[in-house]
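Visitor: Submitted below is the structure of interest, expressed as structure tokens.
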Amino acid sequence: MVPPRPTQLAHRILREAILNGDTVIDATAGHGHDTVFLAECVGASGRVLAFDVQEIAIQSARTKVEMAGLTCRVEFHQTSHARMAEHAQAGAVSAVMFNLGYLPRENHALTTMTSETLKALAAATDLLKAGGLLSVICYPGHPSGVAETAAVESWLDAQTARGWRIAKYGMLGTRMPSPSLFVARKT
């Protein structure tokens, strides 16, 4: 069996941690794949907050959510993921997912910005409840992704001093730098 892609592995890990009725966050809605996944996990009484700065991403994710019949579970916010704390209660979120980089099949020059991502990670730490999970997929295969990946890894490494448990998953021996999945559990 080939190791799963980072997105598949993130879904496997989070599926076990998210319960019906939970509140979760898709920090980077993109085309809506993670948004739909999260909406399925939280059940009819749960809530997904989905963020993206690009209008085309919000439209794409909204369409995917509508096609899945999950519209009533998702709130879309066309704003930076750094502003997620304005839309959720501290200590009430079960999981936050980040899938960084650029929007596939769109303008690759528009990427997540390291400074905004670090602000969003800090916001996520306050929003997550004890035992909540943070999932971050980084893509060092493009110019801004190298710096963002290093900054995210450094930021997460610092959280171990606060008692967080953190794991990093990725492929070895690839021609290009491969995506990395970081999973952190808040204590």
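The values are calculated or read from the model by the stated rules, or taken from the named source; none is laboratory data. This one's a predicted model, so the numbers in the text were calculated from it and none came from an experiment. Using ideal geometry, Cβ is built from the backbone for each residue, glycine included, and neighbour counts are taken over all protein chains shown.
Visitor: Determine which member of the set Ser144, Ser154 is more than 14 Å from Ala27 (Cβ to Cβ), at pLDDT 90 or above and of a type in the set (Ser, Thr, Tyr). Full working, then the answer.
Guide: Details: Ser144 fails: at pLDDT 90 or above.
Being more than 14 Å from Ala27 (Cβ to Cβ), at pLDDT 90 or above and of a type in the set (Ser, Thr, Tyr) holds for just one of Ser144, Ser154, which is Ser154.
Visitor: For the range 150-170, which residues satisfy the criterion of being outside any helix (DSSP H, G or I) and surrounded by fewer than 13 Cβ atoms within 10 Å (Cβ to Cβ)? Spell out how you get there, then give the answer.
Guide: First, pick out the residues of the range 150-170 that are outside any helix (DSSP H, G or I): 163-170.
Listed by number, the residues that qualify are Gly163, Arg165, Ala167.
Visitor: List every residue pair whose Cβ atoms lie under 6 Å apart, where the two residues are 6 or more positions apart in sequence or sit on different chains, the first residue falls within the range 101-123 and is β-branched (Val, Ile, Thr) and part of a helix (DSSP H, G or I), and the second residue, located anywhere, is modelled with pLDDT of 80 or more and surrounded by 14 or more Cβ atoms within 10 Å (Cβ to Cβ).
Guide: Thr114/Glu148; Thr114/Ala151
Visitor: On to the next question. Can you tell me which of (1) under 17 Å from the mean Cα position of the chain (by Cα); (2) at pLDDT 95 or above is the one Ala57 doesn't meet?
Guide: (2)
Visitor: Shifting gears a bit: I need a count of the residues in the range 9-26 that are touching a helix residue (DSSP H, G or I) at 6+ places or on another chain (Cβ under 8 Å), surrounded by fewer than 19 Cβ atoms within 10 Å (Cβ to Cβ) and over 17 Å from Leu127 (Cα atoms).
Guide: Final tally of qualifying residues: 2.
Visitor: All but one of (1) surrounded by fewer than 16 Cβ atoms within 10 Å (Cβ to Cβ); (2) under 13 Å from the mean Cα position of the chain (by Cα) hold for Leu38, so report the exception by its number.
Guide: Here Leu38 meets the rest and fails (1).
Visitor: Also, quick follow-up: Could you please find all residues in the range 124-149 being in a helix (DSSP H, G or I) and touching a Pro at 6+ places or on another chain (Cβ under 6 Å)?
Guide: First pass over the range 124-149, keeping only residues in a helix (DSSP H, G or I): 124-127, 143-149.
Hits for the range 124-149 are Val146, Thr149.
Visitor: Oh, and also: Gly30: within 23 Å of Glu86 (Cβ to Cβ), assigned to a loop (DSSP other than H, G, I, E, B) and modelled with pLDDT of 95 or more, yes or no? So that I can check it myself, show each step before the final result.
Guide: Numbers: within 23 Å of Glu86 (Cβ to Cβ): yes; assigned to a loop (DSSP other than H, G, I, E, B): yes; modelled with pLDDT of 95 or more: no.
Answer is no for this residue.
Visitor: With respect to Phe76, is the statement that it is modelled with pLDDT of 95 or more, assigned to a strand (DSSP E or B), surrounded by 17 or more Cβ atoms within 10 Å (Cβ to Cβ) and over 13 Å from the mean Cα position of the chain (by Cα) true? Reasoning before the result, please.
Guide: On the way: modelled with pLDDT of 95 or more: yes; assigned to a strand (DSSP E or B): yes; surrounded by 17 or more Cβ atoms within 10 Å (Cβ to Cβ): yes; over 13 Å from the mean Cα position of the chain (by Cα): yes.
So Phe76 fits the description; yes.
Visitor: A follow-up question, please. With the checklist (1) modelled with pLDDT of 95 or more; (2) closer than 16 Å to Ala27 by Cβ; (3) not small (Gly, Ala, Ser) in hand, flag the one item Ile166 doesn't pass.
Guide: (2)
Visitor: If you check every pair at least six apart or on different chains, which have Cβ atoms under 7 Å apart with a residue in the range 146-173 that is touching a residue at least 40 places away in the same chain (Cβ under 8 Å) first and a residue that is surrounded by fewer than 13 Cβ atoms within 10 Å (Cβ to Cβ) second?
Guide: Listed by first residue and then by second, the contacts come to Met171/Pro3.
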